[in-house]
Amino acid sequence: MTGRLLIARVGTERIALAVESVREVIDLPHVMPLPLAPAGLAGQFVLRGALIPILDPAVVLGIPRSPEGGSAALVLADGEAALWVDDAEDVWESATVEERPIPAGSDRLGVLRALLQRGAEVVAAVDAGALRAAASATLRRGL
């Protein structure tokens, strides 16, 4: 991955997304749950008069959600969906990280791009578009 990377925490894990894939980071607004919604859809919220669905990447990535839940939303570049995260922590320049391949067989959904290491920190680089597509597929299956 090249360019700037947004580091976010989901449950106990940290993920990296290209800064360009995120339009804005906001404090988690009031999320309205949707009756009978599958686990991958946390609900929806109002942003500047528009209803935005908020997807839960913890479900897609198989990460246990922290007990206190998330506190931020990453509004995706097209503004038509957001990702529920525990926190947006940092921005890294890709030139400051070492990129390693994802171990074979560890990414059945095709959302992981690489493992990024900066010093002792290791973060999974995630493709926001692929994550959104995987979440949408989960919603269609009703899981």
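The values are calculated or read from the model by the stated rules, or taken from the named source; none is laboratory data. Since the model is a prediction, treat every value here as computed from it, not as a measurement. Positions of Cβ are backbone-derived with ideal geometry, glycine not excepted, and every protein chain shown enters the neighbour counts.
Suppose we filter region 89-105 for residues that are of a type in the set (D, E, K, R) and exposed (fewer than 13 other Cβ atoms within 10 Å of the Cβ); how many remain? Give the derivation first.
First, the residues of region 89-105 that are of a type in the set (D, E, K, R): 89-90, 93, 98-100.
Okay, now just the ones that are also exposed (fewer than 13 other Cβ atoms within 10 Å of the Cβ), so 93, 98, 100.
Residues meeting the conditions: 3.
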From the list 68, 99, exactly one residue is farther than 26 Å from residue 46 by Cβ and not β-branched (Val, Ile, Thr). Which is it? 99
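Any idea which residue in region 108-143 is modelled with the lowest pLDDT, counting only those that are part of a loop (DSSP other than H, G, I, E, B) and at negative phi? Can you show your working first?
Narrowing region 108-143 to residues part of a loop (DSSP other than H, G, I, E, B): 108-111, 119-120, 127, 142-143.
Checking the rest, the ones that are also at negative phi come to 108-109, 111, 120, 127, 143.
Numbers: 108: 82, 109: 82, 111: 90, 120: 92, 127: 92, 143: 43.
Applying the filter and picking the extreme gives 143.
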Name, by its number, the condition in (1) of a type outside the set (S, T, N, Q); (2) in a strand (DSSP E or B); (3) in contact with a helix residue (DSSP H, G or I) (Cβ under 6 Å, 6 or more places away or on another chain) that does not hold for residue 1. (2)
Being within 16 Å of residue 132 (Cβ to Cβ), more than 14 Å from the chain's Cα centre (by Cα), touching a residue at least 24 places away in the same chain (Cβ under 8 Å) and in a strand (DSSP E or B) is the filter here; which residues of region 41-94 pass it? 52
Cβ-Cβ distance below 9 Å, separation of 6 or more or different chains: which pairs start in region 15-40 with a residue that is within 18 Å of residue 65 (Cβ to Cβ) and modelled with pLDDT under 95 and end on one that is part of a loop (DSSP other than H, G, I, E, B) and charged (D, E, K, R)? 39/56; 40/56
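Filter region 44-56 for residues that are touching a strand residue (DSSP E or B) at 6+ places or on another chain (Cβ under 9 Å) and loosely packed, with under 15 Cβ neighbours inside 10 Å and give the result. Before you say what the answer is, go through the steps one by one.
We begin by selecting, within region 44-56, every residue touching a strand residue (DSSP E or B) at 6+ places or on another chain (Cβ under 9 Å); these are 44-47, 51-56.
Within region 44-56, 46, 51 meet the criteria.
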